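Each reported figure results from applying straightforward, stated rules to the coordinates on display, with no laboratory input. From a predicted model like this one, the values you see are computed outputs, not experimental measurements. Don't worry about glycine lacking a Cβ; one is built from the backbone with ideal geometry, like all the others, and counts go over all protein chains shown.
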């Protein structure tokens, strides 16, 4: 099966042509998510046509289109149910009609964190295990769960994917979702600069020289002895560790997969989260394995084949 797949992030659009669990060709475009999704649809179409041309293929050679979207979706109807500061117009769009009109193909859509987990389950770090949870650390914090071989969705599409909005600090920072002390508000790229500016060490930090702030800079400056960066690093590691334990207690996995752009610093993050899990997760049956994503940015693209051919006997409310 050959498919057209995309992973719509808040910063980047990952666009690919996928066949048999492999990305045959891939492109990355700026997301400009603050401008909405409608202006990006021609970008997606043109990128796919360009990639297909390089492979000597056409849309007619493909089975469908899949979209990994950073919010709640109804994968049964193909509609986007909510937005959290990214692609604010998405709920008004009929993506299935667009795919039919522009590419002549059916379209399937799913939450981006679920797609990343499905990709890792079928072709990456989760192969051979039917009880998984995943955390994606990036602009926001994504989570998802696979329980006894079933992708957890829930009645309203929320099950498993709102882990970034679990409370990890009572009375903490206000999150864009309206809650206080969400993991995402306490340790994600979207909130990083605000977190840094509240540090007593901010005034003398080398981080101030960066117009935009990301975790690569935080980990680099922390290793160089910057007090503000070290405090941000240590706080974030504690938040991610607490979130990991919450997910383990909620969903009873055997494996926790860590992915997302912040995992470029996996050498620091992975052992810290694994240590926190080993010390604090209540798992009398044994230890949860904490592993990095094997597919990286391609995980949500690879998942498209499974989504388009999802077995009919897998309940969407599982």
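Details
- Contact order normalised by residue count of the chain, Cα under 8 Å, 6+ apart, percent: 20 percent
- Counting beta carbons within 10 Å around each of 189, 212 and listing the fewest first gives the order 212, 189.
- Rg then Dmax, both in Å and based on the Cα atoms of the stretch 232-301: 12.1, 36.
- Within the chain, antiparallel bridges make up roughly 60 percent of the DSSP beta bridges whose residues both belong there.
- Diffusion of the stretch 125-293 by Stokes-Einstein, at 25 °C in a medium of 0.890 mPa s and with Rh set to the Kirkwood radius over alpha-carbon pairs, works out to 150 µm²/s.
- Two-decimal log10 I(q)/I(0) for the stretch 27-74, as the Debye equation yields it once each C-alpha is a single scatterer, q = 0.16, 0.29 Å⁻¹: -0.56, -1.20
- Estimated 222 nm signal from helices in the chain, with DSSP H stretches of n ≥ 4 weighted -39500 (n - 2.57), rounded to 500: -9500 deg cm²/dmol
- The stretch 88-174 shape via C-alpha gyration tensor axes, a/c threshold 1.5: oblate
- Percentage relative contact order, the stretch 125-293, counting C-alpha pairs under 8 Å, at least six apart: 25 percent
- Spin-label model distance (nm) - residue 46 vs residue 204, 7 Å beyond Cα toward Cβ: 5.0 nm
- Radius of gyration and Dmax over the Cα atoms of the chain, both given in Å: 19.4, 59
- Sites residue 77 and residue 158 - FRET efficiency at Förster radius 25 Å, r taken between beta-carbons, to 0.05: 0.95
- Gyration tensor verdict on the stretch 2-160 (Cα atoms; rounded if a/c is under 1.5, prolate if a/b is larger than b/c, oblate otherwise): oblate
- Ranked list, fewest to most other Cβ atoms within 10 Å of each Cβ, for 6, 144: 6, 144
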